Structures are given as structure tokens and as C-alpha cells.
Amino acid sequence: MSFLRKLFGSSSQPASDAGIYLQVRCKRCGSLIRVRIDSRNDLSQRDEDDNLFVRKTLVDDRCYSRIELEAVFSPKRQLLNCEINGGTLVAGEENTTTSTR
């Protein structure tokens, strides 16, 4: 087993998650969808300012409705604005926005 650990690598610490997590509630059926935004790969630079944005299309697994999400983040990866068609952003204790960067 030590040979496999040396070959594939072993880390005592888990890899850090650079994800930003949002929760969206479907307007049609009310189910909760957890969305992961990779802060290193999913965010794009906006042309008009230094802020970052992402567009995602979500599909609910209960009623299969499409939910379109467009979010704007500051350069420090903090959520500034979020527009959602077909759902609503869950705020407060139910929503966990975590960035390790």
C-alpha cells in the first residue's frame, strides 16, 4: 500500500475547495438546488469594470425546469448582484456562500 501512496501521492490535509456555493429555490416546484461556482475557472472578467461574472443554466431534478442564473462578484469573490429567471436565491442561514480564496 505504501507503494501506491508514493505513486499517486497522499496528503494528510484535504485539498482546499475554491468553490462559491449558492442555493436556489425553483419557482415551479419549490425544490432547493445547490449551485457550485468554481472561483478559479467559472468566473469571467467584465468589460466595463474589474468585477467578475458567471452565467449558469440549472435544471431542477424534480420538475426538470430550466433556471438561468447570472451573478456578479467583486475582485475579492464576494457576491454583488444575482439575477435568477425561474427561481429565487435562498438567503440567510439556508444559503452558504463559502470561498477559500
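In region 26-66, of all residues being part of a loop (DSSP other than H, G, I, E, B) and polar (S, T, N, Q), the one that is nearest to Asn81 (Cα to Cα) corresponds to Asn51. Restricting attention to region 24-43 and to residues that are of a type in the set (A, V, I, L, M, F, W, C), surrounded by 14 or more Cβ atoms within 10 Å (Cβ to Cβ) and free of Cβ contacts under 8 Å to residues at least 60 places away in the same chain, the residue that is nearest to Ser65 (Cα to Cα) turns out to be Ile33.
Within region 67-79, if we keep just the residues that are in a strand (DSSP E or B) and either modelled with pLDDT under 95 or of a type in the set (Val, Ile, Thr) (or both), the residue that is nearest to Ile20 (Cα to Cα) turns out to be Leu79. Every listed requirement among (1) part of a loop (DSSP other than H, G, I, E, B); (2) under 17 Å from Asn81 (Cβ atoms) is met by Gln23 save one, (1).
The values are calculated or read from the model by the stated rules, or taken from the named source; none is laboratory data. It should be emphasised that the depicted structure is a prediction, and the values quoted were computed from it without experimental measurement. Glycine gets a Cβ as well: all are built from the backbone with ideal geometry, and neighbour counts include every protein chain shown.
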